[in-house]
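Colleague: Before I ask anything, let me first share the structure, which is written out below as structure tokens.
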Amino acid sequence: MAKNSRNVSGNPAKRGTTKAPPPKPVTFGDWVGAARLRTLPLAVTPVVIGTGAAVLADVDRQFHWVIALFCLAVSVLLQIGVNFANDYSDGIRGTDDLRVGPARITGSKRVPAKTVLIVALTFFGLAALAGLAIVIRTGQWWMIAVGALCIVAAWFYTGGRRPYGYNALGEVFVFVFFGLVATLGTTWVQALYLPQEAWFGAVAAGFLACAVLLANNLRDIEQDRAAGKRTLSVIIGPLGTKILYTLLVAAAYGIAAFIALLYPIAWLCFFGLVAVGPAIAIVWSFRVPRELVTALALTSISSPIYGIFLAWSFVG
């Protein structure tokens, strides 16, 4: 009996010890998730609007589809590069340790930080090559400086010793580069002229992009505050963020209504409310931060819907 009892009990030194489960291997889906596909519609919208404004500005009403496609490549590749760069920078700082949304591959320690950095730089390099092709095609060599500024700004959003995304300037970056620069740059390289319609469209695209960022930062207020990340949402608080989010969306659709006075097809932009309307409801009524992931996705989806109909109003 005693012998059987000892066999059951086992070695007292090993009793109660368990091995930590090995980390799951990173899959292709994890890399796709790190690219943050929910944000990619924001890269499409300014190119669509800018191309529509370019056709409007062109004397012959031509559609320069090759240049437009390369503009789209620059915008999408740069957006993915920014996403991986943020994953890397936030991960090595520990900002993502208390993350509510989808897990990041750097912060989860499942991928070496250096690997994520290489991926980010690769996408920045591909965006630079696509931009160089546009410059060669159009002869607008001064735009190399604009492209370089875009990449530098993308890196220092969360990278470097003093990232401006940690100091309430993230919305400024998004508005300038994913609103004004992306839209106006697309129009310029196709038409070499910037009509007022391009400016209105650029501002609207920037407002919607900022709204997406606000939905994201509203979700992460507590985690960002604990990590020392002073986003605009951390500073103005949940209520201020909700109000600003709503005002930006309303301003974008106000621009559409104004443009519709001259280009009636622009009224169709309001189909975007099918997506962003529920997003606004979630922003104001959410109970747990994770619900805001849906609000972010819906706001992002509404952006290209808005952009497609606005561009159509220009070329229709």
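The values are calculated or read from the model by the stated rules, or taken from the named source; none is laboratory data. Predicted model, so just to flag it, every value in this text is computed and none were measured. Glycine also receives a Cβ, built like all others from the backbone with ideal geometry; neighbour counts cover every protein chain displayed. For the accessible areas, the whole protein counts, side chains as well, though only heavy atoms, and no ligand, DNA or RNA atoms are used. Shrake-Rupley method; radii C 1.70, N 1.55, O 1.52, S 1.80 Å.
Colleague: Among (1) of a type outside the set (Ser, Thr, Tyr); (2) in contact with a Gly (Cβ under 9 Å, 6 or more places away or on another chain); (3) in a helix (DSSP H, G or I); (4) crowded, with 19+ Cβ neighbours inside 10 Å, there is one condition Gly107 misses while meeting the rest; what is its number?
Modeller: (3)
Colleague: Just to verify a result, which residue in segment 139-165, among those that are in a helix (DSSP H, G or I) and among the small types (Gly, Ala, Ser), is nearest to Asp220 (Cα to Cα)?
Modeller: Gly165
Colleague: Which residues, counting only those in segment 166-179, are in a helix (DSSP H, G or I) and open to solvent by 40 Å² or more (accessible area, probe 1.4 Å)?
Modeller: Correct list: Val172, Phe175, Val176.
Colleague: May I pose another question? Considering Leu273, Leu310, which residue is part of a helix (DSSP H, G or I), under 13 Å from Val249 (Cβ atoms) and more than 16 Å from the chain's Cα centre (by Cα)? If you could, list the steps in order and put the result at the bottom.
Modeller: Numbers: Leu310 fails: under 13 Å from Val249 (Cβ atoms).
Just one listed residue meets the conditions, Leu273.
Colleague: Taking the stated definitions as given, is Ala215 open to solvent by less than 10 Å² (accessible area, probe 1.4 Å) and either among the polar types (S, T, N, Q) or more than 19 Å from Val293 (Cβ to Cβ) (or both)? Can you show your working first?
Modeller: On the way: open to solvent by less than 10 Å² (accessible area, probe 1.4 Å): yes; either among the polar types (S, T, N, Q) or more than 19 Å from Val293 (Cβ to Cβ) (or both): no.
The answer is no for Ala215.
Colleague: Among the residues of segment 275-285, which ones are without any contact (Cβ under 8 Å) to a residue 24 or more places away in the chain and open to solvent by 50 Å² or more (accessible area, probe 1.4 Å)? Lay out the reasoning, then the answer.
Modeller: In the first step, residues of segment 275-285 are kept if they are without any contact (Cβ under 8 Å) to a residue 24 or more places away in the chain; the result is 277-278, 281-282, 285.
Within segment 275-285, Pro278, Ala281, Ser285 meet the criteria.
Colleague: Right, here's the next one. Working only within segment 250-274, note down all residues that are within 18 Å of Ala198 (Cβ to Cβ), crowded, with 16+ Cβ neighbours inside 10 Å and not aliphatic (A, V, I, L, M).
Modeller: Answer for segment 250-274, where residues must be within 18 Å of Ala198 (Cβ to Cβ), crowded, with 16+ Cβ neighbours inside 10 Å and not aliphatic (A, V, I, L, M): Tyr263, Cys269.
Colleague: Would you say Ile118 is within 20 Å of the chain's Cα centre (by Cα), open to solvent by 50 Å² or more (accessible area, probe 1.4 Å) and at pLDDT 90 or above? Write out each step before concluding.
Modeller: On the way: within 20 Å of the chain's Cα centre (by Cα): yes; open to solvent by 50 Å² or more (accessible area, probe 1.4 Å): yes; at pLDDT 90 or above: yes.
Criteria met by Ile118.
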